[in-house]
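Taking it in order: structure first as structure tokens, then the write-up.
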Amino acid sequence: MDAVATGTSGTGSDRGPAGKGSTAEIISHEPATGSEIWRGKVSDIDEAVKRARRAWPAWAAQPLSTRMELLRRFANEVRKDAEKLATTIARETGKPMWEARAEVDNVIAKVEISIRAFAERTAQRKLDSAMQGTLAVRHKPHGVLAVLGPFNMPAHLPNTHIVPALIAGNAVVFKPSEKAPATGEMLARCFNRAGISAAVMQFVAGGPAEGQALVAHEDIDGVLFTGSANTGITINRRLATRPDKVCALEMGGNNPLVVWDTPKITDAAALVVQSAFTSTGQRCTAARRLIVKSSLYDAVVHEVKALADRLIFGAPFDEPAPFMGPVIDNAAADGLTESFVYLLSHGGKAIKHLVRPDDALPFLSPAIIDTTAMKDRPDVELFGPILQVIRVDDLDEAIAEANNTRFGLVASLVGGSPQDYNRFWANVRAGIVNWNRPTVGPAHSAPMGGIGLSGNHRPTGYYAADYCAYPVTSGEMEQPRAVIGVGLR
Ligand code: NAD
């Protein structure tokens, strides 16, 4: 297994920039059926950036209230098209319809949250300064920002960058994942129908090469990225000599969930299953490692397995509704299967096997494997429904095991006393630390980001406003008033 970064997702490819006027096509397939859902020409990135650059000054010059109003209209456009957008997300990613609807709700909610966050995080302030002058702190937009989206929440996650970027007065060139262009295009159309022009909020189609072309483009002022650590590192490397460009990287995790003393084993098991298998494990915040106290091991593992055995996995529109759909494509299913076999052949003990009922489609069952005895557990993000179980004897060992990763996105403690949680909170390294809550489903009214290989200290969520504008401090007086008080002949 790749021991550098994320195991099954992330091409991180470093191919040459997309050729101008390229005629190559992007084709998106439905994971649950294999049928084609979208096809389109790869965009001309240089042309798209030039268009955005021309449109940006007028957008930045609009009053803030106008931009906010247009974003509220965007939310209304999404509301009108909610069922259509949810259906497209469900078809294109394979996630169940109930989950796709929840994603659309998040897209809508993002607007009011971002308006509040903009006012709170990047408000204008005036302070008194010397000689009855004023010291003003105001924020300016960066210019033209590239937003690169992942496939797993193809509407909500790019939107968490796009909405705050537009409110702040930036123009956006948005490249969704090549695995979810249909959703990306539909989202972009909602902005455009709301009255935000297709030059200010621009959809481009493309894959890694087009992403790379955007990152390398002189006229891009910054890159707002959500995706795998491999790709994030490639982007970071590319921008290492460009401190003038803002770069926000939201990446993956190898997230621990620790189960400690609790009489509520059934609830603990439900939290574990929710954390590990929601979205078929295709969440950056999914629990990958269940770290459990030895004395609770049998009871907890028994309950988790029993619940996982009951999970329905199926197609997005199946009745009764499935808990989880397929993974994104056959390549991902192949990679996860190989990873599971690797763990098995290197000391892992299967508690629940990874089953793929049809080799032609990427449906996978939830899988659980005890890797306590593995000497060198690969520190990779297995972006799918595989949960590793590790048995420990005391809380120090549990915390050390939780920190045994270069990632640092989320960590949860389930059970334990307030003192145990205090110790956990103080010593575990992650951007989100929870107690008796699942690792998935971060609050939108709070910052969302990780440390280590999970991010570059520019959390998104409520703090996205911070990287969408820069502060300008101005000392201001209505008239020039000055004398040289010392050192004159
Ligand atoms: P990915 O890294 O493969 O792709 C993300 C985007 O980057 C796509 O638009 C892709 O075309 C583009 N890209 C790929 N190579 C590039 C390059 N060399 N230069 C520029 N752009 C490039 O990620 P994915 O597989 O679509 O998404 C899953 C990953 O995203 C997982 O690792 C998951 O943990 C992570 N993720 C993180 C968060 C978070 O908020 N931290 C949220 C969701 C997903």
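The values are calculated or read from the model by the stated rules, or taken from the named source; none is laboratory data. The shown structure was predicted, so the numbers you read here are calculated from the model rather than taken from an experiment. Positions of Cβ are generated from backbone atoms using ideal geometry, with glycine treated the same way; all protein chains shown enter the neighbour counts.
If you go through segment 241-270 and keep only what is within 14 Å of the ligand (Cβ to nearest atom) and of a type in the set (A, V, I, L, M, F, W, C), you end up with Cys247, Ala248, Leu249, Met251.
A residue that is at pLDDT below 95 and either among the aliphatic types (A, V, I, L, M) or in contact with a Gly (Cβ under 7 Å, 6 or more places away or on another chain) (or both) occurs somewhere in segment 24-38. Mind checking whether some residue in segment 223-234 is of a type outside the set (Phe, Trp, Tyr), surrounded by fewer than 24 Cβ atoms within 10 Å (Cβ to Cβ) and in contact with a helix residue (DSSP H, G or I) (Cβ under 7 Å, 6 or more places away or on another chain)? There is no residue in segment 223-234 that is of a type outside the set (Phe, Trp, Tyr), surrounded by fewer than 24 Cβ atoms within 10 Å (Cβ to Cβ) and in contact with a helix residue (DSSP H, G or I) (Cβ under 7 Å, 6 or more places away or on another chain). For residues in segment 34-46 being in contact (Cβ under 8 Å) with a residue 24 or more places away in the chain and out of contact with any His (no Cβ under 8 Å at 6 or more places or on another chain), which is farthest from Ala171 (Cα to Cα)? Applying the filter and picking the extreme gives Gly34.
Against the definition (touching a helix residue (DSSP H, G or I) at 6+ places or on another chain (Cβ under 6 Å), in a strand (DSSP E or B), modelled with pLDDT of 95 or more and of a type in the set (Val, Ile, Thr)), how does Ile291 come out, yes or no? In short, yes.
Candidates are the residues of segment 211-222 that are farther than 20 Å from Pro141 by Cα and crowded, with 24+ Cβ neighbours inside 10 Å; the one that is nearest to the ligand (Cβ to nearest atom) is Gly211.
The set of residues in segment 472-489 being surrounded by 10 or more Cβ atoms within 10 Å (Cβ to Cβ) and of a type in the set (S, T, N, Q) consists of Thr473, Ser474.
Yes/no matrix, rows are residues, columns are (1) at pLDDT 95 or above; (2) surrounded by fewer than 14 Cβ atoms within 10 Å (Cβ to Cβ); (3) touching a strand residue (DSSP E or B) at 6+ places or on another chain (Cβ under 9 Å); (4) of a type in the set (A, V, I, L, M):
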{"site": "Pro326", "(1), (2), (3), (4)": "yes, no, yes, no"}
{"site": "Val341", "(1), (2), (3), (4)": "yes, yes, no, yes"}
{"site": "His346", "(1), (2), (3), (4)": "yes, no, no, no"}
{"site": "Ala350", "(1), (2), (3), (4)": "yes, yes, yes, yes"}
{"site": "Phe363", "(1), (2), (3), (4)": "yes, no, yes, no"}
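Restricting attention to segment 340-361, the residues being closer than 20 Å to Ser275 by Cα and in a helix (DSSP H, G or I) number 1.
When Ala188, Ala123 are checked against the criterion of being farther than 27 Å from Ser228 by Cβ, in the same structural domain as Pro63 (by TED's automatic domain parsing), free of Cβ contacts under 8 Å to residues at least 24 places away in the same chain and of a type outside the set (Val, Ile, Thr), Ala123 stands alone in meeting it.
Might you let me know whether segment 451-463 holds any residue that is part of a strand (DSSP E or B) and either loosely packed, with under 14 Cβ neighbours inside 10 Å or among the aromatic types (Phe, Trp, Tyr) (or both)? Within segment 451-463 (the criterion being part of a strand (DSSP E or B) and either loosely packed, with under 14 Cβ neighbours inside 10 Å or among the aromatic types (Phe, Trp, Tyr) (or both)), the answer is no, since none of the residues qualifies. Counted as qualifying within segment 120-209 are the strands (runs of 3 or more DSSP E) with 2 or more residues that are away from the ligand (no atom under 16 Å from the Cβ), namely 125-128, 134-141. Looking only at segment 357-398, residues that are within 19 Å of Asn254 (Cα to Cα) and among the small types (Gly, Ala, Ser) come to 4 in all. Taking the criterion of being within 16 Å of the ligand (Cβ to nearest atom) and under 17 Å from Phe323 (Cβ atoms), the residues of segment 286-311 that qualify are Ala286, Ala287.
Pairs linking a residue in segment 73-87 that is outside the structural domain of Cys190 (by TED's automatic domain parsing) to a residue that is surrounded by 24 or more Cβ atoms within 10 Å (Cβ to Cβ) and at pLDDT 95 or above, with Cβ atoms under 6 Å and 6 or more positions apart or on different chains, do not occur.
Scanning segment 308-317 for residues that are surrounded by fewer than 18 Cβ atoms within 10 Å (Cβ to Cβ) and not in a loop (DSSP other than H, G, I, E, B) yields a count of 2. On inspection, Gly211 passes the criterion of being assigned by TED's automatic domain parsing to the domain that holds Leu70, out of contact with any Cys (no Cβ under 7 Å at 6 or more places or on another chain), touching a residue at least 40 places away in the same chain (Cβ under 8 Å) and farther than 27 Å from Ala119 by Cβ. For segment 429-441, taking the residues that are buried (at least 20 other Cβ atoms within 10 Å of the Cβ) and outside any strand (DSSP E or B), the one that is nearest to the ligand (Cβ to nearest atom) is identified as Gly431. Of all the residues in segment 315-366, those that are in contact with a helix residue (DSSP H, G or I) (Cβ under 7 Å, 6 or more places away or on another chain), within 18 Å of Glu30 (Cα to Cα) and among the charged types (D, E, K, R) number 1.
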